[in-house]
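J.: Pasting a structure here, questions to come.
The values are calculated or read from the model by the stated rules, or taken from the named source; none is laboratory data. What you see is a predicted model; the values in this text were computed from it and never measured. As a convention, Cβ positions derive from the backbone with ideal geometry for all residues, glycine included, and neighbour counts pool all protein chains shown.
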Amino acid sequence: MLELCIKHRQGDFDVDVDITTPGSGVTALFGHSGSGKTTLLRMLAGLDCPDQGRIALNGRTFVDIGQKIFVPPHQRRLGVVFQEARLFPHYRVRSNLTYARRITHGEAFDRVVDLLGIEALLERMPGALSGGEARRVAIGRALLAEPDMLLMDEPLTGLDGARKQELLDYIVRLTREIDLPILFVSHDPEELMAIAEQLVVLDRGHVMASDRLETLLSRGDMSPWLGGFEASSLLQGQVLSHDHHYHASRVALADGQYLTLPLLSQPEASPLRVRIRRRDVAIALSHHSDSSFRNQLEAVITTLTPGAPGTLEVTLSLGGQSLQSRIALEAAEALELVPGMTVVALIRSVSLAG
Amino acid sequence: MLTPLEIEALRISLQVSGTALLIILVPGILMAWLLARHEFVGKSLLDGVVHLPLVLPPVVVGYLLLVVMGRRGAVGGWFYDHLGLSLPFTWQGAALAGGVMAFPLLVRAVRLSLEAVDPRLEAAARTLGASRLRVFFTITLPLAVPGLVTGAVLAFARALSEFGATITFASNIPGETRTLPLALYSLIQTPGMEDAAARLCVISVVVAMVSLVASEWLARRTRRRMAGRDRGTP
């Protein structure tokens, strides 16, 4: 469990937060620049000291101003990946990776090197790396310090589209294959959609919301802050099968229903997360075998809330997961939709989140 | 080619300047680090004191050294009583005088290059479990090496050209403290030695040129090595 209870004043900027998040999985600190997310990360890492408050991770107290506790950064065992890779320019990549002197060779070393695809870079100097390569090395360097938690401060900022996607893929792989709590700081909804489980929304030094990402996305009142997320739902699933003839893959959801997506590269049985935009979900009262909708899921209406003039936001529940739909008010009345009703969600398009 | 007198003056000069550099190297780096990376009460005062030899007449520095480091001086007296060491009128004393005069140049150069080391790299090293001391020796100091080299050569050259403080504190003793500048001064004072003085002048110029060229070469070499590492950065 990560506890951040901080009051801090920096110039005319106030940080006043009280956050408790699970000490596992990927927690994202989301906010625009100047929201205080990097300040919080620096305090957690021990690079800054708050005026007042307490910071603790899984029972280890790092800071408690009241009791005059301040654990220096090198004793916190937190891996930090900074926005700029911050590789040491006078050491080769290999020496950068082993700087923490914890994992320096052997199976664990090879595994991290392999996971990040940096084997060919080991003997190079950091100056000869591209931006994406340098950041992968920086992630490896933090992992090889055997941290109790990995902190990432906007690790994708400044990379162009293709490089960004490539690095994001590496990070997504990492979150699935390495059991390490991660705190991910970002202002980019796309990145968070791909990896975040828990989301803390910050605005001008204050916490606007802190909950599971899916839960926050389904809350209508969060749209001022989560506007960039382009109103969509996230569903957890598992690759069921690939069909090379139709160039399609089936993804099974928790309740046994499945979605059809364009052919995926992930092997069968691998878990993944799909994203469905609200406006891509239509509602019907029965299955339509005579339509082009390939994805039709049975779901139960949980809530109906008025949205923009003339529209209705419908929250559907399927196997414990929630799916949002935005339909015309007139259509809702014609179909006589009420909470508790079982309907069929017609899904126009599904994309892989991350 | 060189007369025994010239060889002796050259030997004493190199020995005195080399020792001067050795004496001030570690204190100079520590002082530069203190001034570059720390804030404390009296910092400007300390900065001023460090720079004093640069602006004071060298004779004043030599006089102060006599007062403090002489046999009856506050520090020199202790040295003499406990270690049997007497600095005035010895080549070690000349080295001390040269070192004191060169100290501000060394501190300035090292401080500038320490300040140029990105503190963000130091912070990154700290998060990787390195103590302040380890960060200093593995990150800060290696990255400041170009400035350190420049500062060391500059300090060596300054000690080599030292005159006023040396003659005041260590006197002008042939075979002991008579460095190149002091030997040249003695020759100029002696009628009929104009040619010998001119030869010594040429030797001084050559030694100064060699150390300047060496400094330039070292600086360029380290700079090129750093630049080579930066190649390929997007």
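J.: If you go through the stretch A:103-128, how many residues are touching a Gly at 6+ places or on another chain (Cβ under 7 Å) and facing chain B (nearest Cβ under 8 Å)? Break it down stepwise before answering.
T.: We begin by selecting, within the stretch A:103-128, every residue touching a Gly at 6+ places or on another chain (Cβ under 7 Å); these are A:112-113, A:116, A:118, A:127-128.
Next cut, facing chain B (nearest Cβ under 8 Å) only: A:127-128.
Count: 2.
J.: Only one of these is small (Gly, Ala, Ser), in the same structural domain as A:Leu259 (by TED's automatic domain parsing) and touching a residue at least 12 places away in the same chain (Cβ under 8 Å): A:Ala334, A:Ala308, A:Ala345. Name it. If you could, list the steps in order and put the result at the bottom.
T.: Values: A:Ala334 fails: touching a residue at least 12 places away in the same chain (Cβ under 8 Å); A:Ala308 fails: touching a residue at least 12 places away in the same chain (Cβ under 8 Å).
One residue alone meets the criteria, A:Ala345.
J.: Looking at the stretch A:88-96, is at least one residue in a loop (DSSP other than H, G, I, E, B) and in contact with a Lys or Arg (Cβ under 7 Å, 6 or more places away or on another chain)? Let's see the steps before the verdict.
T.: Pass one, the stretch A:88-96, residues in a loop (DSSP other than H, G, I, E, B): A:88-92.
So of that shortlist, the ones also in contact with a Lys or Arg (Cβ under 7 Å, 6 or more places away or on another chain) come out as A:89, A:92.
Yes: the stretch A:88-96 contains one or more residues that are in a loop (DSSP other than H, G, I, E, B) and in contact with a Lys or Arg (Cβ under 7 Å, 6 or more places away or on another chain).
J.: Go through the stretch A:183-217 residue by residue and tally those that are in a loop (DSSP other than H, G, I, E, B), touching a helix residue (DSSP H, G or I) at 6+ places or on another chain (Cβ under 7 Å) and small (Gly, Ala, Ser). Give the steps one after another, and end with the answer.
T.: Restricting attention to the stretch A:183-217, the residues satisfying the condition of being in a loop (DSSP other than H, G, I, E, B) are A:187-188, A:196-197, A:204-205.
From the residues that got through so far, the ones that are touching a helix residue (DSSP H, G or I) at 6+ places or on another chain (Cβ under 7 Å) too are A:196-197.
Of the ones still in play, those that are also small (Gly, Ala, Ser) are A:196.
Here the count works out to 1.
J.: Just for the stretch B:133-172: of the residues that are in contact (Cβ under 8 Å) with a residue 24 or more places away in the chain and either touching a Cys at 6+ places or on another chain (Cβ under 9 Å) or at the interface with chain A (Cβ under 10 Å from one of its Cβ atoms) (or both), which one is nearest to B:Val68 (Cα to Cα)?
T.: First, the residues of the stretch B:133-172 that are in contact (Cβ under 8 Å) with a residue 24 or more places away in the chain: B:136, B:140-141, B:143-171.
Now drop any that are not either touching a Cys at 6+ places or on another chain (Cβ under 9 Å) or at the interface with chain A (Cβ under 10 Å from one of its Cβ atoms) (or both), which leaves B:143, B:145.
Numbers: B:Leu143: 37, B:Val145: 33 Å.
My answer is B:Val145.
J.: Just give me the residues in the stretch B:108-122 being in a helix (DSSP H, G or I) and within 14 Å of chain A (Cβ to nearest Cβ), in sequence order. Show your work before the answer.
T.: So the first thing to find is which residues in the stretch B:108-122 are in a helix (DSSP H, G or I), and the list is B:108-115, B:119-122.
Residues satisfying the conditions are B:Ser113, B:Pro119, B:Arg120, B:Leu121, B:Glu122.
J.: Follow-up question, since we're still on this one. Given the options B:Ala130, B:Ala125, name the one that is at negative phi, within 14 Å of another protein chain (Cβ to nearest Cβ) and assigned to a loop (DSSP other than H, G, I, E, B).
T.: Details: B:Ala125 fails: assigned to a loop (DSSP other than H, G, I, E, B).
None of the other options fit; the residue is B:Ala130.
J.: Please pick out the residue among A:Ile6, A:Ile69, A:Ile19, A:Ile118 that is in the same structural domain as A:Gly132 (by TED's automatic domain parsing), out of contact with any Pro (no Cβ under 9 Å at 6 or more places or on another chain), crowded, with 19+ Cβ neighbours inside 10 Å and not acidic (Asp, Glu).
T.: On the way: A:Ile6 fails: out of contact with any Pro (no Cβ under 9 Å at 6 or more places or on another chain); A:Ile69 fails: crowded, with 19+ Cβ neighbours inside 10 Å; A:Ile19 fails: crowded, with 19+ Cβ neighbours inside 10 Å.
From the options A:Ile6, A:Ile69, A:Ile19, A:Ile118, the qualifying one is A:Ile118.
J.: Further question: Answer yes or no as to whether A:Leu47 is at the interface with another protein chain (Cβ under 8 Å from one of its Cβ atoms) and either assigned to a loop (DSSP other than H, G, I, E, B) or modelled with pLDDT of 95 or more (or both). Reasoning before the result, please.
T.: Working: at the interface with another protein chain (Cβ under 8 Å from one of its Cβ atoms): yes; either assigned to a loop (DSSP other than H, G, I, E, B) or modelled with pLDDT of 95 or more (or both): yes.
Spelling it out, A:Leu47 is indeed at the interface with another protein chain (Cβ under 8 Å from one of its Cβ atoms) and either assigned to a loop (DSSP other than H, G, I, E, B) or modelled with pLDDT of 95 or more (or both).
J.: Can you name every residue in the stretch A:88-128 that is touching a residue at least 40 places away in the same chain (Cβ under 8 Å) and closer than 20 Å to A:Leu168 by Cβ?
T.: Matches in the stretch A:88-128: A:Leu115, A:Leu116, A:Gly117.
J.: Something else about it: Quick check on my filter: what residues within the stretch A:121-166 are part of a helix (DSSP H, G or I) and among the β-branched types (Val, Ile, Thr)? Please lay out each step first, then the result.
T.: Step one: filter the stretch A:121-166 for residues part of a helix (DSSP H, G or I), giving A:121, A:126-128, A:131-143, A:161-166.
Selection gives A:Val137, A:Ile139.
J.: Which residues, taken from the stretch B:166-196, are surrounded by fewer than 17 Cβ atoms within 10 Å (Cβ to Cβ) and over 24 Å from the mean Cα position of the chain (by Cα)?
T.: Matches in the stretch B:166-196: B:Ile188, B:Gln189, B:Thr190, B:Pro191, B:Gly192, B:Met193, B:Glu194, B:Asp195.
J.: Taking the stretch A:72-90 as the region of interest, how many residues are at the interface with chain B (Cβ under 7 Å from one of its Cβ atoms) and over 20 Å from A:Arg136 (Cα atoms)?
T.: Of the residues in that region, 2 qualify.
J.: Can you report the number of residues in the stretch A:199-217 which are surrounded by fewer than 18 Cβ atoms within 10 Å (Cβ to Cβ), modelled with pLDDT of 85 or more and either over 10 Å from A:Val15 (Cα atoms) or among the basic types (Lys, Arg) (or both)?
T.: Of the residues in the stretch A:199-217, 4 are surrounded by fewer than 18 Cβ atoms within 10 Å (Cβ to Cβ), modelled with pLDDT of 85 or more and either over 10 Å from A:Val15 (Cα atoms) or among the basic types (Lys, Arg) (or both).
J.: Can you pull out every residue in the stretch A:149-170 that is without any contact (Cβ under 8 Å) to a residue 60 or more places away in the chain and out of contact with any Asp or Glu (no Cβ under 7 Å at 6 or more places or on another chain)?
T.: Let us first name the residues in the stretch A:149-170 that are without any contact (Cβ under 8 Å) to a residue 60 or more places away in the chain, namely A:156, A:159-167, A:170.
Matches in the stretch A:149-170: A:Leu159, A:Asp160, A:Gly161, A:Ala162, A:Arg163, A:Lys164, A:Gln165, A:Glu166, A:Leu167, A:Tyr170.
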